Amino acid sequence: MKNLLLCFTILWSACIYSQVLMETPAPGFIRSIEFRGSSSVTGNPVIALGEPLHLKFDDIIGDEADYYYTIEHYNYDWTPSELVKSEYLLGFDDVRIFNYTNSFNTLQPYTHYELSIPNRDTQGLKVTGNYVLNVYNNSKELIFSRKFMVYQPLTQVGVTIKRSRDLQFINKKQVVNFTIYSPDILLRNPERTVNVMIMQNYNLKSAITNIKPQYSLANELIYRYDQSTAFLAGNEYLKFDSKDVRAPTVQISRVELNDLYHHFLFTDRSRDEQPYTYNPDVNGQFVVRTLQGNDPDIEAEYVWTHFSLMNYEPLGGGEIHLFGAFNNFQLDESTLMKYNKESGLYENARLFKQGYYDYKYVLLKEDQSMDPGFISGNFEKTENEFQVLVYFRDLGARYDQIIGVGTANSINITN
């Protein structure tokens, strides 16, 4: 009996340990999370080994709370790796974030926090692969977490974007074809040792994984799938710019002041049946900025931004949500568009820090799957950015390393 109980405990522990990690979204009082490497892209950064990592966020309670961070290493499938901390981290973590400043001359008080790696405690990362940055409060409660990926360019990844060969989706999907060229590293048994991850517009939540090479030719692995590596093309993002808190700018119809500033956007309409029109965007990203101060990190106001959408299509029990990198493409109560019987519109008011923001509307179905084109439509001409990450675990190795990254833009789409 004791042996059976011991076996059950071991199996249960192994099951818990091997669970696929999900990011912990930030609570409502944590706002404007910017998490990036050297580029302007925020969300789930893809950085080269040795490249710095930067985190910014606001606590709108504004009480100078203490926050701590840890860094964890993960496998390709986001299960915990076998490495101990000293094998992947140079220095140590689980230390307080000391760089914080209170907002200055703003109606909404907040405390602004910043963390850069390397720093005096955490000198850097030793190996490539998947990582998670966790932020805890003083009671060791996990406040939020963000995934990031570290790579070393040991291979060359050539990426091209093509139209779908399936006539049903030829005008709606974009297909990612790519080749992995490895002149200096032997990719033995690639069916088992090589994995890839394909991202559209830096959105890790919609990434395509578990794709195996179709062909192997000398030092090349070739991936020329159609539907297996296809993304719905979507449409260009909508946008608003609240850099001037007192005056209407891009997409803002009127401004009101009631405790905080309120910006009312022009009513949006469904674009699914409209012809495609190129409208430059930043693929869902955002930039915090203000005309009312010199330092947007601590002088930008928080503004209640009011959205309204005219939609006549039945939702079939689903929900319409705002969507963008402003909260790392997370659908939650703050992004839900609620139907107003009096106005006949779907409406929402959400607190945003002053700046430029891309956004769009998506449908969350009853089965919790997302339809990104229900309101915006899907057009193969849409400009999207794609990344392909190459993972490699040699036979006998203890972790998945990232040995190459390739990028392409659908503006160069071909048949």
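Some observations on this one:
- Rounded Å value of the spacing that divides the Cα centres of the range 284-335 and the range 104-137: 23
- Space enclosed by the convex hull of the alpha-carbon atoms of the range 44-141, per residue, Å³: 118
- Stretching Glu319 away from Leu21 to a fully extended chain increases their span by 104.7 nm, per 0.36 nm per residue minus the current alpha-carbon distance.
- The chain: antiparallel DSSP beta bridges as a percent of all, rounded to 5: 90
- Length, then width, then depth: along the principal axes, the Cα atoms of the range 296-394 run 61, 43, 27 Å.
- Percent RCO, i.e. relative contact order, over the chain, from Cα pairs under 8 Å lying at least 6 residues apart: 18
- Range of Cα positions in the chain per principal axis (Å), largest first: 63, 56, 52
- With DNA, RNA and ligands ignored, accessible area of Lys172 (1.4 Å probe; Å², nearest 10): 100
- With DNA, RNA and ligands ignored, accessible area of Arg246 (1.4 Å probe; Å², nearest 10): 150
- At R0 = 51 Å, FRET efficiency that the Cβ-Cβ distance of Leu395 and Asn415 yields, to 0.05: 0.85
- Near Gly158, once Lys and Arg are set to +1 and Asp and Glu to -1 for all other residues with Cβ below 14 Å from its Cβ, the sum equals +1.
- Accessible area (Å², 1.4 Å probe, nearest 10) - Trp78: 20
- Computed over the chain with a Gaussian network model linking Cα atoms closer than 10 Å, the most mobile of Pro314, Pro45, Pro190 is Pro314.
- Of all accessible heavy-atom area on the chain, the percent that carbon and sulfur account for (1.4 Å): 52
- Percentage of interatomic Cα-Cα distances in the range 220-340 larger than 16 Å: 73
- Exceeding the 31 Å Cα-Cα cut-off - candidates Lys172/Lys239; Lys140/Lys365; Lys243/Lys365; Lys56/Lys172; Lys56/Lys341; Lys147/Lys360: Lys140/Lys365; Lys243/Lys365; Lys56/Lys172; Lys56/Lys341
- Structural size metrics of the range 122-221, computed from C-alpha coordinates, are Rg and Dmax of 18.0, 56 Å.
- Cβ-defined net charge surrounding Ser32, 11 Å radius [Lys, Arg +1; Asp, Glu -1]: -1
- Just checking the listed ones, Arg271, Arg36, Arg120: in the Gaussian network model of the chain with Cα springs under 10 Å, the one fluctuating most is Arg120.
- Largest GNM mean-square fluctuation across Tyr312, Tyr100, Tyr110, computed for the chain with C-alpha springs under 10 Å, falls on Tyr312.
- Neighbourhood charge, 9 Å Cβ-Cβ cut-off, centred on Tyr356 and excluding it, Lys, Arg +1 and Asp, Glu -1: +1
- The range 19-98 versus the range 169-238: alpha-carbon centroid distance in Å: 26
- Ellipticity estimate at 222 nm from DSSP helix runs (n ≥ 4, -39,500 (n - 2.57)) divided over the chain, nearest 500: -1500 deg cm²/dmol
- Accessible area per residue for the chain, computed on protein heavy atoms with a 1.4 Å probe, is 47 Å².
The values are calculated or read from the model by the stated rules, or taken from the named source; none is laboratory data. Only a predicted model underlies this, so the values are computations on that prediction, with no experimental measurement involved. Heads up, the Cβs are rebuilt from the backbone with ideal geometry, glycines too, and the neighbour counts pull from every protein chain shown. In case anyone asks, the SASA skips ligands and DNA or RNA and just uses the protein heavy atoms, side chains included. Shrake-Rupley method; radii C 1.70, N 1.55, O 1.52, S 1.80 Å.
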